[in-house]
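This report concerns only the one structure given below.
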Amino acid sequence: MGFADRFIASTTKWVGSAILILMALQIVIDVAMRNLVGAGFPATAEVVSKYYMLAVSFLPIAYAEVQRRHVEASIFTDMMPKWTHGPIYALGFVLSLIVYGILAYGTASEAWVQTKRGAYVEAGAMDFYTWPGAWILPVCFVLMFIVIALRIIELASGHFRDAPADPAIITDPIEKED
């Protein structure tokens, strides 16, 4: 695992953890305020749905690929000769690169529209800007695009390790290197 893989994995892990903690704290504060003061934390539902949940749902995509924890349907490829695995991985990585490139472009285009428009929702008596949250998806898809591009480079240079990512066998490389 190279520097870029380690950087993406550790960054997404720590940012994702921080976001989960912030979301939990905000929800706890909101519930406590509703019970003690009679009014909740302003815009909790909007912050959770427009920011936290997007990040919590999509940030781990790149981390999962760095850890090779994505679902692999290898029942047939495991029975094929070893020499066919490289071309199959190459096809899968190229298709993934195309898909994540399209997703990154499409969501970035929409985020740009939302940014120019200054998208917001009304949260009680205030306007809550949602356009910054629109940039979460493009960032997550670009990270995944980078990870897949690195996989293609590893495969082309002969450094790709064709081994199962079994959690019982392989521990978190980030933890090993700390």
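Values quoted throughout were computed directly from the atomic coordinates according to the rules given, and no laboratory measurement underlies them. None of these values were measured; they are calculated from a predicted model. Every residue, glycine among them, receives a Cβ derived from its backbone with ideal geometry; neighbour counts consider all protein chains shown.
Give me the count of lysine pairs in the chain whose alpha carbons sit under 30 angstrom apart, restricted to pairs 8 or more positions apart or on different chains.
The result is 4.
Averaging over every viewing direction, what projected area does the convex hull of the Cα atoms of the chain cover, in nm²?
Taking a quarter of the hull surface, the average projection is 13.4 nm².
Using every alpha carbon pair in region 1-90, what percent of pairs falls into each 10 Å bin from 0 up to the bin containing the largest distance?
With a bin width of 10 Å, the distribution comes to 14, 29, 23, 17, 10, 5, 1.
How far is it, in nm, from the label point at L36 to the one at I98 when both lie 7 Å from their Cα along the line to the Cβ?
It works out to 5.6 nm between the two label points.
Sorting T44, T12, T84, T115 on the 10 Å Cβ count, fewest up front, what's the list?
Fewest to most other Cβ atoms nearby, the residues stand as T84, T115, T44, T12.
Note down the nm distance, to one decimal, between modelled labels 7 Å out along Cα→Cβ at V28 and at F76.
For V28 paired with F76, the spin-label model returns 4.9 nm.
May I ask you to evaluate 6.51 cos²θ - 1.76 cosθ + 1.60, the Karplus curve with θ = phi - 60°, for each residue of region 111-127 and list the ³J(HN,Hα) values in order in whole Hz, giving x for glycine and proline?
Those phi angles translate into 4, 5, 4, 5, 5, 4, 7, x, 4, 8, 10, 7, 10, x, 9, 10, 8 Hz.
Please list, in chain and number order, the residues 5+ apart from A123 or on another chain whose amide H is under 5 Å from its amide H, with Hs placed from the backbone.
Hits under the 5 Å cutoff: F128.
Within a 10 angstrom radius of the beta carbon, how do I21, I75, I29, I8 rank from fewest other beta carbons to most?
Ranked by crowding around the Cβ, least crowded first: I75, I21, I29, I8.
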